[in-house]
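Enquirer: One structure follows; several queries about it will come next.
The values are calculated or read from the model by the stated rules, or taken from the named source; none is laboratory data. Just so you know, these numbers come straight off a predicted model, no measurement behind them. Quick reminder, even Gly has a Cβ in these numbers, built from the backbone with ideal geometry, and neighbours come from all protein chains shown. These accessible areas exclude ligands, DNA and RNA; they are computed on the full protein's heavy atoms, side chains included. Shrake-Rupley method; radii C 1.70, N 1.55, O 1.52, S 1.80 Å.
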Amino acid sequence: MSQAISAPGLLGQWQQSQSKVSPEKLSNYDLILRCQEGSQPERGAFSELLHRYQSHVDRILYHLAPDWQDRADLAQEVWIRVYRNIKRLNEPMKFRGWLSRIATNLFYDELRKRKRVSHPISLDAPRRVEDGEIEWDIVSDYPSPDDNLTTREFYDRLQVAIADLPEAFRTTIVLREIEGLAYEEIAEMTGVSLGTVKSRIARARAKLQSVLQQYLD
C-alpha cells in the first residue's frame, strides 16, 4: 500500500517546484515569498521585485521631493530597508502599501534632518470631488516677489504639517492626495477598514487645514 504524503511533505514539494521557476514568471505574491525564504532574500527574486516596483518608489519620491537632487540615493535607501526587513512582512499581499510607508517615512525622516528645503512637496492643480479636497495651490498668473515668498512659506509649512501628522494619518493622506488612490485601494494597501481610511483622511485634512488656514484663505 502506498504511504500517504504528509502536509509538510506537500509543502516541501511545492517549495521545490517554485524554486525551479524563474523569478520573471512568478506572481508578485510568490516573488515576495521567495524573497522571504532563507537567511537573506534570493538575489534574483529581489532584483525582479525591485524591477517591478521601482517606478512606484520613484513616483512617490518625485511627488514628495521634486527638487531634491538625491532622490536616487533615497530610492536606494528604500530598497536597502526593504531588503533588510522583508522577512518581517506577514502579509505579502500588502507589499505595495508596506513599500509606500517605507518610502514616505524615509522622506520625512530625511526631511527632519535638513534645516530647510525649497519646495519639497509638489501638488498639482487640486482635484475637486464630492468628498471635498483641500485647495493646495495659490493661484497667480503673474506672481510678485511677495507671492513667491508666500508660496515658499506655504510649502515649507505644508511639509512640516504633514511631517507632524501621526504615521498612519501621514501615510494615508500621502496615498490619497499625492498618489491619487481611491479609498478602497488605500484600505487594501494599509490593511484597515474603509471607514478607518475615510476617518484618517478627514482628520488629516482637518489638521492640515487648521495649520494652513492663513494660506488657504
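Enquirer: Suppose we filter the stretch 187-217 for residues that are in contact (Cβ under 8 Å) with a residue 40 or more places away in the chain and of a type in the set (Val, Ile, Thr); how many remain?
Expert: 2
Enquirer: Further question: Tally time: how many residues in the stretch 85-104 are in contact with a Ser or Thr (Cβ under 8 Å, 6 or more places away or on another chain) and open to solvent by less than 40 Å² (accessible area, probe 1.4 Å)?
Expert: Qualifying residue count, the stretch 85-104: 3.
Enquirer: Also, I was wondering about something else. So which residues in the stretch 58-84 are surrounded by 14 or more Cβ atoms within 10 Å (Cβ to Cβ) and part of a loop (DSSP other than H, G, I, E, B), if there are any at all?
Expert: The answer is 65, 68.
Enquirer: Regarding residue 107, is this residue farther than 17 Å from residue 46 by Cβ and either among the aliphatic types (A, V, I, L, M) or modelled with pLDDT of 85 or more (or both)?
Expert: Criteria met by residue 107.
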